[in-house]
Amino acid sequence: MPYANLLYDVADRIATITVNRPDKLNALNDATIAELGVAIDVAVDDAEVGAVILTGAGRAFVAGADISELASQSPLEAQRRARDGQAVFRRFETSPKPVIAAVNGFSLGGGCELAMACHVRIASEKAKFGQPEAKLGIVPGFGGSQRLPRLVGRGAALKLLLTGDMIDATEAHRLGLADEVVPAEQLMDRARALATTMLANGPLALEGCIDAVNRGLDTTLEEGCRIESDLFGVLSATADMREGMQAFLEKRPATFTGR
Ligand code: COA
């Protein structure tokens, strides 16, 4: 399907979604958020795709929600906008296929929130992160106040939220907001290499890991361990488990089928 504000490409079982409004630093207007929802669904539904990379065109990953749209919103429109955006971001987070954010530049506000909804964040040395909503007189609307403390802890999250300060990639890495920092020219190669490593593993196992972490983080340790043991049991019924273990015993690479 053609997108007005995204580029979408599939190669080597990796779908790359590129937010493509570089003249507006890839700010997320409503249309772009809707297209992101379509694109992640297309990638998840495509049997030829096993992993997704999300990045931005030009010097930004995403510089936030589009302030020109936010500026005139009524309270009910704002609440609806936040809920719609949250629902789209949640589709990235709950994708059964790994989603890697390749953070190439500004990742602010909704951009930081979108990166946090991805499973792994690889940052270019040029990336900048922040939740500057308080500078605009608002709170984050796309899950930032919830995912940021889960990722970096309460104190570091509140420091970022209350100051609105931008931090560089090294500091984001130190906090656990970025999982790796690489030179800008290596960003996409590194994201693809990571996706390729994941693609060599069993797809049902990948889905299970994502599901266990997502559901486990929202519940008690005891309940999370039950979720894990249920998945452990279910995966033991799969051909992929038999293949993975047989391949180990035969000292050869496994060939997984997702069954
Ligand atoms: N919404 C709408 N437009 C945005 C935007 C946003 N979140 N972020 C950047 N843009 C637009 C600018 O208005 C400008 O458009 P113009 O050329 O038509 O005037 C263009 O993108 C380039 O941005 P500019 O501010 O000129 O670049 P810069 O290098 O001087 O500054 C930033 C870069 C990221 C520091 C700055 O753009 C910024 O602070 N953006 C807003 C970040 C933010 O508050 N996000 C949270 C929103 S809830």
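The values are calculated or read from the model by the stated rules, or taken from the named source; none is laboratory data. Quantities reported herein were computed from a predicted structural model and do not represent experimental measurements. Positions of Cβ are generated from backbone atoms using ideal geometry, with glycine treated the same way; all protein chains shown enter the neighbour counts.
Some notes on this structure:
- Of all residues making up the stretch 55-86, the number that are within 15 Å of the chain's Cα centre (by Cα), within 23 Å of residue 210 (Cα to Cα) and either free of Cβ contacts under 8 Å to residues at least 24 places away in the same chain or within 16 Å of the ligand (Cβ to nearest atom) (or both): 2
- Here is the figure for the stretch 116-144: residues that are part of a helix (DSSP H, G or I) and within 13 Å of the ligand (Cβ to nearest atom) total 6.
- Test: residue in the stretch 218-239 that is in contact with a Ser or Thr (Cβ under 8 Å, 6 or more places away or on another chain), assigned to a helix (DSSP H, G or I) and touching a residue at least 24 places away in the same chain (Cβ under 8 Å): no
- Of all residue pairs spaced 6 or more apart or on separate chains, those with beta-carbon atoms under 8 Å, a first member in the stretch 1-16 that is outside any loop (DSSP other than H, G, I, E, B) and surrounded by fewer than 13 Cβ atoms within 10 Å (Cβ to Cβ) and a second member that is hydrophobic (A, V, I, L, M, F, W, C) and at pLDDT 95 or above are 9/15.
- Of all residues making up the stretch 30-54, the number that are surrounded by 18 or more Cβ atoms within 10 Å (Cβ to Cβ), within 16 Å of the ligand (Cβ to nearest atom) and over 16 Å from residue 101 (Cβ atoms): 0
- Neighbours by Cβ (under 8 Å, 6+ apart or cross-chain): first from the stretch 87-112, farther than 15 Å from residue 124 by Cβ and outside any helix (DSSP H, G or I); second within 16 Å of the ligand (Cβ to nearest atom) and modelled with pLDDT under 95: none
- Unique residue being part of a helix (DSSP H, G or I), within 16 Å of the chain's Cα centre (by Cα), assigned by TED's automatic domain parsing to the domain that holds residue 52 and under 30 Å from residue 247 (Cβ atoms) when the list is 147, 192: 192
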